[in-house]
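Every read-out reported here was derived from the displayed coordinates using simple, explicitly stated rules and does not represent laboratory data. Fair warning: this is a prediction, and the values are worked out from it, not measured in the lab. Every residue, glycine as well, gets a Cβ built from its backbone with ideal geometry; the counts of neighbours run over all protein chains shown.
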Amino acid sequence: MKTFTPPALLLLFIPLFSKAQRVIPPEELVLFAGPIHADIRCDNIQNDKYADSRGNNAFNLGLSYCFYLTRNLGINFGAEYNQYKNTTIYRGAYRSETTTVDRFNYIYYPTVNSDYTETRKLDAIDIPINLRFSSAFSEKFEWFMDLGLRLNAVITNKLTQEGVHKKMGSYPNATYDNVFIVIENDPYYGFNTTTYSGSPKAIDSKELGYSLMACTGFKAKFGENLGLMVSAYYVKGQSDVGPKSQEDYKNIFGEKSPYTKFTVQQIGFRTGIVFYFD
């Protein structure tokens, strides 16, 4: 009976291991674009019941490059242009729930009539640096997920205020309940009207920051060197893009709150053309 020595047995398994080896995917260059919803968020503004804060819909475009370390793990980085924008609306007539005293110690309720907006707009070149995890369903179709950082290089950061903000004083009537004498347009008492011109002003902020980023999507390959990518992603800023002075926040009555940072936030969808390089 013919027997096999251990070296001979190993030779029998070499073809099996060769077929089982997984080939590292080719390098990829992706040109992409897509719609986004971007915002510049601040806890003070979000918690202000007199402020109506909202982000902005815009467009994202850029490129990314990915090379793989193994069949399922790669490093993805690139460059893209983004615009982050927030509009906060202060509109309505309000009387404070608490009283204060004027310069002659007369008690009154601070009262305002506001109709103005604050628009913050930040343009940046963003540089994502991510780990990529991928899983192929077939030779032509693949799922992927990117996790990592996005560096935010600020190009411009501006604040625009537009509208009118009127401060008044509501003095309780000494004779009748729930009747007030309203004083307005009297700078001597601190009751003045501020008109914002709508001219943008540069915000002195940090020029470089970073965000956390997560992305998932699919790629479909057409031919040897061309494919299509679709993905969705979320970005949450970590660095402060507000003014370096970090002044206290004031609501429409001038009541102060300690400074809280401004951070970018973004959710978006992308479609891109994939170029494969062996």
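Across the stretch 110-124, rounded Karplus estimates of 3J(HN,Hα) from the backbone phi angles (6.51 cos²θ - 1.76 cosθ + 1.60, θ = phi - 60°) give x, 9, 9, 10, 10, 7, 8, 10, 10, 10, 9, 9, 10, 9, 8 Hz, Gly and Pro being marked x.
Note on Y234, Y116: ascending count of other Cβ atoms within 10 Å places them as Y234, Y116, the fewest first. The protection proxy used here, the mean number of other Cβ atoms lying within 10 Å of each residue, ranks peptides 207-214, 144-151, 27-34 as follows, highest first: 144-151, 27-34, 207-214. Output the Kirkwood hydrodynamic radius of the stretch 74-168, Cα pairs only, in Å rounded to one decimal. After inverting the mean inverse Cα-Cα distance, the result is 18.3 Å. Residues S53, S245, ranked from the fewest to the most other C-beta atoms within 10 Å, line up as S245, S53. Packing around the peptides 158-166, 191-199, taken as the average count of other Cβ atoms within 10 Å per residue, puts them in this order, highest first: 158-166, 191-199.
Please report, in debye to the nearest 20, how large the charge dipole of the chain is about its Cα centre when each Lys and Arg carries +1 at its beta carbon and each Asp and Glu carries -1 there.
Values: 29 positive and 28 negative charges, 176 e Å.
Computed about the Cα centre, the dipole is about 840 debye.
The calculated 222 nm mean residue ellipticity attributable to helices in the chain amounts to -2000 deg cm²/dmol, summing -39500 (n - 2.57) over DSSP H runs of n ≥ 4 and dividing by all residues.
Each 5 Å bin from zero up to the one holding the largest Cα-Cα distance in the stretch 37-88 carries the following percent of pairs: 5, 16, 16, 13, 11, 11, 10, 9, 6, 3, 1. Just so you know, the Rg over Rh for the stretch 178-278 is 1.28, from Cα atoms, with Rh as the Kirkwood radius. Ordering R103, R95, R120, R41 by the number of other Cβ atoms within 10 Å of each residue's own Cβ, fewest first, gives R103, R95, R41, R120.
Determine one quarter of the surface area of the Cα convex hull of the stretch 72-120, which equals its mean projected area, and express it in nm² to one decimal.
8.3 nm²
Compared with the dominant principal axis of the Cα atoms in the chain, helix 6-20 is inclined by about 40°.
Go ahead and collect, in residue order, the members of the stretch 175-191 whose backbone nitrogen is under 14 Å from a label point 7 Å along the Cα-Cβ direction of E247. Backbone N within reach: none found. Can you find, among V182, Y249, M213, the residue sitting farthest towards the positive end of the charge dipole of the chain, where Lys and Arg contribute +1 and Asp and Glu -1 at Cβ? Farthest along the dipole direction, towards plus: M213.
Return the label of the correct value of Rg and Dmax of the Cα atoms in Å, as calculated from the structure shown, out of [x] 19.0, 60; [y] 29.4, 122; [z] 19.8, 68. After the calculation, the listed value that fits is [y]. With 30 Å as the limit, the listed pairs K140/K236; K85/K250; K167/K236; K167/K206; K85/K221 have K140/K236; K167/K236; K167/K206; K85/K221 beyond it between alpha carbons.
Restriction of the GluC sites (Glu not before Pro) in the stretch 66-138 to DSSP coil positions whose beta-carbon has at most 12 other beta-carbons within 10 angstrom yields E97.
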